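As structure tokens, the structure follows; a few thoughts come after it.
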Amino acid sequence: MESLLIGVFPKLPPPPSFPATSKLSILANKGSNVPIHGSESMVWNAHEKFHVGRFRRCLVNHHLKGNREKSSFRKRPDKKGLINATSGHPIESDPESYNPNNTLKPAQNAVDVFYRFSRPHTVIGTALSIISVSLLAVEKLSDISPLFLTGVLEAIVAALFMNIYIVGLNQLSDIEIDKVNKPYLPLASGEYSVGTGIMIVTSFAIMSFWLGWIVGSWPLFWALFISFILGTAYSINLPLLRWKRFAMVAAMCILAVRAVIVQLAFFLHMQTFVYGRPAVLTRPLIFATAFMSFFSVVIALFKDIPDIDGDKIFGIRSFTVRLGQKRVFWICIYLLQMAYSVALLVGAASSCLWSKFVTVMCSIPILGHIILASLLWFRAKSTDLESKDAITSFYMFIWKLFYAEYLLIPFVR
């Protein structure tokens with residue numbers, strides 16, 4: 001115990017020494033029990049009290065220090081604090097670092113970036129168009145079966161893979177233009193590197209062709225192949241290609257894919273491959289192809305209106321650059337109004353009005369087209385053509401009209 005105390009506490013200094021001839025030293029040397037008096041006694045008592053008090057303070061301080069170390073050990077928050085302590089980081093970190101939702105942020109950011117890269121308005125349009133056209137092949141209620149659902153799902157997945165290839169290749173070819181027109185896109189903003197973009201578009205093209213080949217439907221495979229050829233020629237910057245530089249050729253590419261291939265190929269996929277019926281061109285199919293031809297031309301023209309600045313800088317001779325934003329805007333509005341007028345005439349002349357039930361079914365597209373035409377006109381009149389944000393918002397509105405049309409097409413009989 002003595003050795004322990006000596007190790008913990010500093011060694012006390014010896015008592016003050018006095019001359020050898022003093023009474024104090026003589027009595028101490030002889031071991032006398034004579035009490036000490038006088039000034040020597042007062043000095044000794046004061047010295048003794050000083051060291052006793054110092055010893056007590058050392059014990060108290062040592063006890064308090066031990067308690068603090070124990071309490072800090074008990075209050076150590078969690079494993080993360082231990083890790084931070086051993087790694088040289090402070091134990092007390094930002095409170096947000098303990099939020100379990102923070103672990104989801106990287107995944108959420110990755111999904112958001114890919115979402116913008118895939119151009120979701122085109123993805124939605126492709127999926128809706130395939131479902132709508134597939135329903136045109138349905139002749140009776142029993143046709144909607146697991147076989148139908150499987151055929152539709154195969155077509156949608158393969159087409160969406162090809163859709164992502166096409167829009168991704170377009171972004172790879174337009175990085176510098178998109179830095180002006182669409183800086184929020186992942187390649188233009190730097191969120192994706194060029195290598196990452198190439199890997200994504202290559203992977204999705206391969207998966208699309210692989211799925212089309214595995215399914216074994218020739219209409220589906222040819223739809224994918226033709227879309228691949230036109231989408232590549234539209235965007236890629238090679239001699240005799242990059243057709244988007246030429247306004248008329250660019251419009252024809254979009255019309256061929258959105259209006260012709262989607263309608264004919266996916267209808268034939270359902271009609272011949274899924275149901276095993278002979279290939280026929282039905283009246284609803286012809287209507288859908290004609291109507292979507294108008295819509296595809298409008299989309300091809302309108303998409304360049306908000307991009308006029310970047311197109312001018314990089315020499316893209318779109319109709320908007322040539323004719324001006326206002327003129328192209330109203331050309332698109334009149335084309336769509338013309339398409340809605342034709343749709344109303346087709347609905348009014350429908351031969352299915354002999355049944356009350358079918359009359360109600362046929363009135364759905366008629367009333368729907370009246371409502372859509374009215375919405376289009378009032379929205380166009382209130383659009384500020386001097387605002388890029390307003391024009392971009394109207395372009396997204398046109399895509400919503402595009403979606404709505406595919407909801408009406410299955411009722412055309």
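The values are calculated or read from the model by the stated rules, or taken from the named source; none is laboratory data. Here the structure is a predicted model, which means the values were calculated and not measured. Here the Cβ is made from the backbone with ideal geometry for all residues, glycine too, and neighbour counts use every protein chain on show.
When you look at Phe319, is it on the phi < 0 side of the Ramachandran plot, modelled with pLDDT of 90 or more and crowded, with 17+ Cβ neighbours inside 10 Å, yes or no?
Values: on the phi < 0 side of the Ramachandran plot: yes; modelled with pLDDT of 90 or more: no; crowded, with 17+ Cβ neighbours inside 10 Å: yes.
When the stated conditions are applied, Phe319 does not pass them.
Right, Ala223: within 25 Å of Ile308 (Cβ to Cβ) and more than 26 Å from the chain's Cα centre (by Cα) or not?
Values: within 25 Å of Ile308 (Cβ to Cβ): no; more than 26 Å from the chain's Cα centre (by Cα): yes.
So Ala223 does not fit the description; no.
Suppose we keep only residues that are surrounded by fewer than 21 Cβ atoms within 10 Å (Cβ to Cβ) and under 29 Å from the mean Cα position of the chain (by Cα) within the stretch 236-252. Which one would you say is nearest to Ile286 (Cα to Cα)?
Arg242
Kindly evaluate Ser203 against the criterion of being assigned by TED's automatic domain parsing to the domain that holds Glu154 and either surrounded by 21 or more Cβ atoms within 10 Å (Cβ to Cβ) or under 15 Å from the mean Cα position of the chain (by Cα) (or both).
Working: assigned by TED's automatic domain parsing to the domain that holds Glu154: yes; either surrounded by 21 or more Cβ atoms within 10 Å (Cβ to Cβ) or under 15 Å from the mean Cα position of the chain (by Cα) (or both): no.
When the stated conditions are applied, Ser203 does not pass them.
Could you check how many residues of the stretch 182-196 are out of contact with any Leu (no Cβ under 9 Å at 6 or more places or on another chain), part of a loop (DSSP other than H, G, I, E, B) and without any contact (Cβ under 8 Å) to a residue 12 or more places away in the chain?
2
When you check Trp330 against the structure, is it modelled with pLDDT of 90 or more and not small (Gly, Ala, Ser), yes or no?
Working: modelled with pLDDT of 90 or more: yes; not small (Gly, Ala, Ser): yes.
Here the answer is yes, as Trp330 does meet what is asked.
Yes or no, residue by residue, for (1) part of a helix (DSSP H, G or I); (2) at pLDDT below 95; (3) hydrophobic (A, V, I, L, M, F, W, C):
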site: His89; (1), (2), (3): no, yes, no
site: Glu92; (1), (2), (3): no, yes, no
site: Pro106; (1), (2), (3): yes, yes, no
site: Asn163; (1), (2), (3): yes, no, no
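Please find, within the stretch 361-393, the residue that is farthest from Val328 (Cα to Cα) out of those that are modelled with pLDDT of 90 or more, part of a helix (DSSP H, G or I) and among the polar types (S, T, N, Q).
Applying the filter and picking the extreme gives Ser374.
Could you tell me how many of the residues in the stretch 126-159 are charged (D, E, K, R), more than 22 Å from Trp222 (Cβ to Cβ) and part of a helix (DSSP H, G or I)?
First pass over the stretch 126-159, keeping only residues charged (D, E, K, R): 139-140, 143, 154.
Applying the additional criterion that residues be more than 22 Å from Trp222 (Cβ to Cβ) yields 139-140, 143.
Subset that is part of a helix (DSSP H, G or I): 143.
Here the count works out to 1.
Within the stretch 159-173, track down each residue that is in contact (Cβ under 8 Å) with a residue 60 or more places away in the chain and among the β-branched types (Val, Ile, Thr).
The one that is in contact (Cβ under 8 Å) with a residue 60 or more places away in the chain and among the β-branched types (Val, Ile, Thr): Ile166.
Mind listing whichever residues of the stretch 199-257 are under 30 Å from Phe314 (Cα atoms) and among the small types (Gly, Ala, Ser)?
Ser203, Ala205, Ser227, Gly231, Ala233, Ser235, Ala247, Ala250, Ala251, Ala256
At least 1 residues that are free of Cβ contacts under 8 Å to residues at least 24 places away in the same chain, in the same structural domain as Trp377 (by TED's automatic domain parsing) and among the aromatic types (Phe, Trp, Tyr) in each: list the helices (runs of 4 or more DSSP H) lying fully within the stretch 240-349 that qualify. Spell out how you get there, then give the answer.
Numbers: elements: 247-255, 262-268, 283-302, 308-313, 319-323, 325-348.
In the stretch 240-349, the matching helices (runs of 4 or more DSSP H) lie at 325-348.
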